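Please read the structure below before turning to the comments.
Values in this text are rule-based calculations from the coordinates and carry no lab data. What you see is a predicted model; the values in this text were computed from it and never measured. Ideal geometry is used to build each Cβ from the backbone, glycine not excepted, and the neighbour counts take in all protein chains shown.
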Amino acid sequence: MLAKRLKILKEIFPNYLFQEGKGEFITFCPHHEHHKKKLQINVKNNIFKCWVCGYSGNIVKLLKEYATHSQRQEYYKTLDFYSQSIEVDLKEVN
């Protein structure tokens with residue numbers, strides 16, 4: 001799943017560095033212009049933070065703003081959003 005996430009992030013942010021041991025993807029922050037790559041995306045924990053402007057949050061927030069619909073859907077599949085279900089006992093609903 002990590003490989004699929006990286007593939008999608010590489011499409012969205014082509015200028016990147018990847019630190020495999022940490023599972024972190026580092027690129028330019030799309031919120032501001034800066035000469036260094038300061039947007040750090042933790043691919044394992046699905047969180048991100050820019051160390052210059054403070055833009056941060058869950059990776060879903062970042063994808064909503066900068067990824068295409070198909071890229072978002074592919075990334076969400078790696079997060080198992082579609083495989084999680086809630087079982088409801090219909091006797092208790094009444």
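In percent, what relative contact order does the range 1-49 have, based on Cα pairs under 8 Å that are 6 or more apart in sequence?
28 percent
Just to check I understand the Karplus step: with θ = phi - 60° and J = 6.51 cos²θ - 1.76 cosθ + 1.60, what whole-Hz values come out for the range 2-19, glycine and proline as x?
Each residue's phi maps through the Karplus curve to give 4, 5, 5, 4, 5, 4, 5, 5, 5, 5, 6, 10, x, 9, 9, 10, 10, 9 Hz.
Starting with the highest mean, order 48-57, 31-40 by the number of other Cβ atoms within 10 Å, averaged over the residues of each peptide.
The densest-packed peptide leads the list: 48-57, 31-40.
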